Amino acid sequence: MVNIGCVIKTPGNTKNNKTGSWRTFKPILDKESCIDCDNCILFCPDSCINKQHDIDYDYCKGCGICAHECPSDSIEMIKE
Amino acid sequence: MVKEVMTSNKAVAEAVRLAKPKVIPVYPITPQTTISEYLAQYVADEKIDAKYVKVESEHSAISAAVGASGAGVRVFTATSSQGLMLMHEILYAAAGMRTPFVLADANRAISAPLNIWNDQQDSIAQRDAGWLQIYVENAQEALDTTLMAYKVSENPDVLLPSMVCLDGFILTHTVEPVEIPEEEDVDKFLPPYVPDHAFLDPKQPMSIGNFADPEYYMEARHDMEVAMDNSVEIIQKTCDEFAEIFGRQYGLVEPYKTDDAEIIYVAMGSICSSIRVIVDQLREKGEKVGLLKIRAYRPFPTEAINEVIKDCEKIAVVDKNFSFGIGGALYADMKVKFDKEIYGFITGLGGRDITPEALTEIYEKTKNGPEKAVTWIGLKEE
Amino acid sequence: MVDIPDKNLLAPGHRGCAGCGASIAVKLALNALGENTVAVSATGCLEVMTTPYPETAWEIPFIHVAFENSGAVASGVESALRIQGKDDVNVVAFGGDGGTVDIGLQSLSGAMERGHNMTYICYDNEAYMNTGIQRSGATPYGASTTTSPSGVASFGEDKPKKNMPMIMAAHGIPYVATASIAYPEDYVNKVKKAAETKGPAYIHLQQPCTTGWGFPSEKTIEMGRLAVETGSWILYEIVDGKFEITYRPEERKPVKEYLAPQKRFRHLNDEIVEKIQKYVDAECKELGL
Amino acid sequence: MIEIRFHGRGGQGSVTAAEILAKAAFKDGKYVQAFPFFGVERRGAPVMAFTRIDDKPIEMRYQIYNPDYVLVLDDGLLNVVDVFSGIKDNTEVIINTTEFEGSGEHKVHDIDATGIALDMLGRNIVNTIILGYFAKKTQVVSIESLVEVIKETFPGKIGELNAEATQKAYEMG
């Protein structure tokens, strides 16, 4: 059974799909040295860093953009 | 009730005015063009409260139609021939996305060679797109069918788009008397379109036109088959409701003098008028002959046809289209569905006039048993 | 600074590659546009990765119909919304470079010329990435793709990139801009301006693609920055016909620095690199960078 | 069933004439059908149009091969097309001409519609004028309905003038 025309009426429900399992490297953010530039939030392709700079590992694919774009080197990529 | 003399194109435009679509994306092409012109004028004169989208191609006409219908409003578009061919890809998308709008196709031959005249190859080529296809015989039927098409398409058990097929020039450019329904009667018959299954509203976000993998695709397509099956009953019901309000009765098929007929012509569109004249002439000579006019080609009304043809001996299917190596599309469908003596006749391609002699010849050939299962009629001798 | 919204309108869990630039492009655009927006998408990476039935990453209304027609679909959507009096709803269409500069050009041109009140964003990753990196009209000179491969007698794509923003500008529409995901403030401002524009607006956004360009996933933004800092991608806007550069690198870096880290350019010899440098110099001179 | 065939040139209004005749007959209470010979002809090329009039609904949708009446809007066509093609013994042919010399084989009426048109309309548009003459000669359609339809088809001054010219041709019939 599918919806008529395969319409999806549950906005944003890709959240059911935990893409964290794709990850081989994991970003660890050090809030002490963080300068609140928000680069990691802006550039995260998977919208998984919130305003408080908490990383949602359910979705983080471990691309490493956040660490690479962090001007204060506050994010470290470590092997899962 | 006003009765006026007009072309089928004008009759379609009048139906559209009465159906009150909100968006009309349309691109001109012979012989549909006057529909696009009438509608542009109606919008310019505020006779329709709609946005007329002056698209740059038929492909964009149908794309804008799907977009607008997806956004939740009633939509109309029209085309012909090459234009319908250009729409081909999006016709499938429209049906798959279950956008229930109406398209009028002024039936015209397909290139090459370039030809602007009537046959039905263009819409027949789209028969598997998931659209309802109704073939009309005259201007009145063009008007009435356009109104009924909305009601059928928008039915929650159908939600498939409809194509109203009217023969190019023979109908689109021929004037004849047409009764124009009263607006209040039409409003009663056809209430505004209020979609539930798909619309675009930031207050209730939904994603439409999505990607479906092998896990879901077959179900989605099968649902369309179910909807198409549902439409058989709904078309008949809609015809009955229409008759109650407007006094003109239509059906999935229309038999003429078939009760005791030994040979039955089966045909679609304007040719049925001429065949009726020939049936009368042959009847006067004592021939037991009748006509079965197919109005609904998709859905294919198997039961309704069977009811009419079950006792006849032979069937002559008249097609204005053909599939290489097979014959006409209607002929092929009849052969698949019915185990009877059925012959196919290809006529009137590219506007070749179908004369009374040609129609009589079809009868004679069927009666005597033609040399071939499929015969081209009206072909010039070397 | 760019405002960070409480809610992202492109949800996580979508199937984009790790390091996907298209996701960043859309996420930032939706941040700028807000919830009162309807999105249209051409077929491509974006559509496929965000709407695998029965899941959608879109928190706003979304429609996709086909590859080559997002301009026309958006025209229909816009018309339907306006005739219902929904004048305040933003209509945004996304197309990749293939769906925009190649197969979708006619549809887009018609939509722009008709003056629909909408924003079209081309997320340009410079090849057909969804189908596995085939060249498009937006593929730059020298890039090796599966249909413009480097080989014994070939250095890759042998034609320069189609100048799509200027083609759009020639339509006389009120707003045209180029942008890069590596400059989010500039990009977000442009999306906001585009949305506020009465009539059609076009943004051509360069969007590096880790898979198609061949660089490590963490360098998506760095590549975008290098493109701009070398003058290979110039950020400007054309408002009511008035052209203005919106970002000037302090000192333009050599193009080689942008080309070298990318696998698609790795085969290029010094001669071709020099030629590309000359192209870039000429373009920068023409636009006043 | 009465079948009428019009011969004219592209731009002379043959198709309009066929439709006006159908609409006028409809006003008289008849069933009607009118259609052009479907072509891609441009201004100046020979064209045809057809009208059917009957007391009962008209079913046939093929062209008219054996007309009861033939109306020729331009005598220059006589050298170009066979306007007598398919005519029956009692077919009447009306030609806009000043110098037609028939062989006597056919029932031919001639009227100088061009003269009336130039005189009353100031230009050579004869499609309605020839219908006035046709109405009187054949009584197929009433002049009252004809004039009404002409005024509806061409609103304003031009309709008035056309109606007067048609009336004049009627009186000459």
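The values are calculated or read from the model by the stated rules, or taken from the named source; none is laboratory data. Being a predicted model, the structure only gives us computed values, none of them experimental. Cβ coordinates were reconstructed from backbone atoms using ideal geometry, including for glycine residues, and neighbour counts include every protein chain displayed. The accessibility values were calculated without ligands, DNA or RNA, using every heavy atom of the protein model including side chains. Shrake-Rupley method; radii C 1.70, N 1.55, O 1.52, S 1.80 Å.
Quick notes
- Residue in region C:142-163 that is least open to solvent (accessible area, probe 1.4 Å), counting only those that are of a type in the set (A, V, I, L, M, F, W, C) and either closer than 28 Å to C:M112 by Cβ or assigned to a loop (DSSP other than H, G, I, E, B) (or both): C:A143
- Test for B:K285: is it charged (D, E, K, R) and outside the structural domain of B:L143 (by the TED database): yes
- Taking the numbered list (1) of a type outside the set (F, W, Y); (2) under 17 Å from the mean Cα position of the chain (by Cα); (3) open to solvent by 10 Å² or more (accessible area, probe 1.4 Å); (4) more than 8 Å from chain B (Cβ to nearest Cβ) in turn, C:E68 passes all entries but (4).
- Test set (1) surrounded by fewer than 20 Cβ atoms within 10 Å (Cβ to Cβ); (2) within 30 Å of B:D157 (Cα to Cα) - A:D30 fails condition number: (2)
- Pick from region C:1-33, criterion within 19 Å of the chain's Cα centre (by Cα) and polar (S, T, N, Q), ranking: nearest to the other protein chains (Cβ to nearest Cβ): C:S23
- Filtered by the rule that a residue be within 18 Å of the chain's Cα centre (by Cα) and open to solvent by 20 Å² or more (accessible area, probe 1.4 Å), region B:87-114 gives B:H88, B:Y92, B:I110.
- The C-beta contact set for region B:328-342 (first residue over 17 Å from B:V253 (Cα atoms) and assigned to a helix (DSSP H, G or I), second residue open to solvent by 20 Å² or more (accessible area, probe 1.4 Å) and modelled with pLDDT of 95 or more, distance under 8 angstrom, 6+ apart or interchain) comprises B:A332/B:S323; B:A332/B:I326.
- Condition met for B:E225 (surrounded by fewer than 18 Cβ atoms within 10 Å (Cβ to Cβ) and either among the β-branched types (V, I, T) or outside any loop (DSSP other than H, G, I, E, B) (or both)): yes
- Which listed residue is within 14 Å of chain D (Cβ to nearest Cβ) and touching a residue at least 24 places away in the same chain (Cβ under 8 Å), from B:T366, B:T355, B:T347: B:T347
- Residues satisfying the stated conditions in region D:25-77, i.e. touching a Lys or Arg at 6+ places or on another chain (Cβ under 7 Å), at the interface with chain B (Cβ under 9 Å from one of its Cβ atoms) and open to solvent by 50 Å² or more (accessible area, probe 1.4 Å): D:Y31, D:E59
- Any hit, region C:227-238, residues being in contact (Cβ under 8 Å) with a residue 60 or more places away in the chain, over 23 Å from A:F43 (Cβ atoms), surrounded by fewer than 22 Cβ atoms within 10 Å (Cβ to Cβ) and not aromatic (F, W, Y): yes
- Count of region B:309-327 residues which are surrounded by fewer than 24 Cβ atoms within 10 Å (Cβ to Cβ), in a strand (DSSP E or B) and of a type outside the set (G, A, S): 2
- Scope region C:164-221; condition open to solvent by 50 Å² or more (accessible area, probe 1.4 Å), in a loop (DSSP other than H, G, I, E, B) and touching a helix residue (DSSP H, G or I) at 6+ places or on another chain (Cβ under 9 Å); matching residues: C:H171, C:G172, C:P216
- Counting only strands (runs of 3 or more DSSP E) wholly contained in region B:116-219, the ones carrying 1 or more residues that are more than 27 Å from B:V277 (Cα to Cα) occupy B:132-135, B:162-167.
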